[in-house]
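Asker: Below: one structure in structure tokens.
Just so you know, all these numbers are worked out from the coordinates, no wet-lab data involved. Bear in mind that the values here come from a model prediction, so they are computed numbers and not experimental data. Reconstructed Cβ throughout: ideal geometry from the backbone, glycine too, with neighbour counts over all protein chains shown.
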Amino acid sequence: MRFIRYLKLERRYSSHSVKAYQNDLTTFVSFIQENHEGIGLEEIHRHLIRDWIIELYDEGLAARSISRKLSAIKSFFTYCCAEGVLENNPASHLRTPKGQKDVISVLSEREIEKLFALKFPDDFEGDRDRLILEVLYGCGLRRAELIALKTTDVQGNYISVLGKRNKMRQVPLNPTLKNQIENYLTKHGKFLDDSGSGLLFQTKRQKKMNPRVVYEIVVKYISLVSTVTYRGPHILRHSMATHLLSRGADINAIKEILGHSSLAATQVYTHMSVEKLKTVYNHAHPRGN
């Protein structure tokens, strides 16, 4: 890669620094290939990079490590602009995170209620889009996990989810969501089976869902009920975990539901809940202001 040669020969970075940059770029490229297959360099925008940062937090990386990775991406895009490959740097206005609360936002329970009170089109795509939102929030799935779900993964009161590093987990279905999935399969099961893929979520042409399409679906509907800055699929995962914790759920149980490999990744939600408590306290306490 020309950028790596530039770091070695012109910037004269140490071999350790060059390797770190290379690893960070490889991580970013892997995310792009997994979630935005076929996208060109000029199509990468700040919201996509923000998606990547949020996924890094979801994996439990420390803010310092994420800051370093973001710095590497900024340098790469600055180089691309200097070389005339790109006109604008999509990472230029992204802040270096100081902590998880700077990146992760959630919907309130009231906003979730408004989201599922929306009127969806009365056709296959309307039913599918509503269920996508319901499953993302009800089960706390990652976007890639949702796209890979098959009808056979729905097993009674649970769904089987293939997560990162091919780790399988079972996620419970609440009664409402279970009924919604059953109704969806009753209404559209034959259409889904005819594709031969067995996928729970498909396009109207019976093809696998594109990650960008799922992203656009979520953004479209969340934009109708909330003004939060980040409105991608991960906000429903974060919202679900935060709401469970605020209602007294055990953090270890939340860890298992989300498929986190370590408790450190789940503990971000305790920090978020503490921030919420502080806000409520300061607002309600007679001497809070």
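Asker: Using the Karplus curve 6.51 cos²θ - 1.76 cosθ + 1.60 with θ = phi - 60°, work out ³J(HN,Hα) for each residue of segment 109-118 in order, rounded to whole Hz, and write x for Gly and Pro.
Answerer: The phi angles translate into 4, 5, 5, 5, 4, 5, 4, 8, 8, 5 Hz.
Asker: Below 8 Å, C-alpha to C-alpha, sequence gap of six or more: please give me the relative contact order for segment 34-192 in percent.
Answerer: 15 percent
Asker: For Thr78 and Arg95 in the same chain, what is the full-extension length gain: residue separation times 0.36 nm, less their Cα-Cα distance, in nm?
Answerer: So the chain would gain 4.6 nm between Thr78 and Arg95.
Asker: Still on this structure, I have one more. Counting alpha carbon pairs within less than 8 Å and at least 6 residues apart, what relative contact order, in whole percent, applies to the chain?
Answerer: 20 percent.
Asker: For each pair in Lys150/Lys190; Lys167/Lys255; Lys204/Lys255; Lys178/Lys255; Lys69/Lys164, compute the distance between the two Cα atoms and list the pairs where it is over 23 Å.
Answerer: Lys204/Lys255
Asker: Label points 7 Å out from Cα along the Cβ direction at Arg12 and Asp194: separation in nm?
Answerer: 6.8 nm
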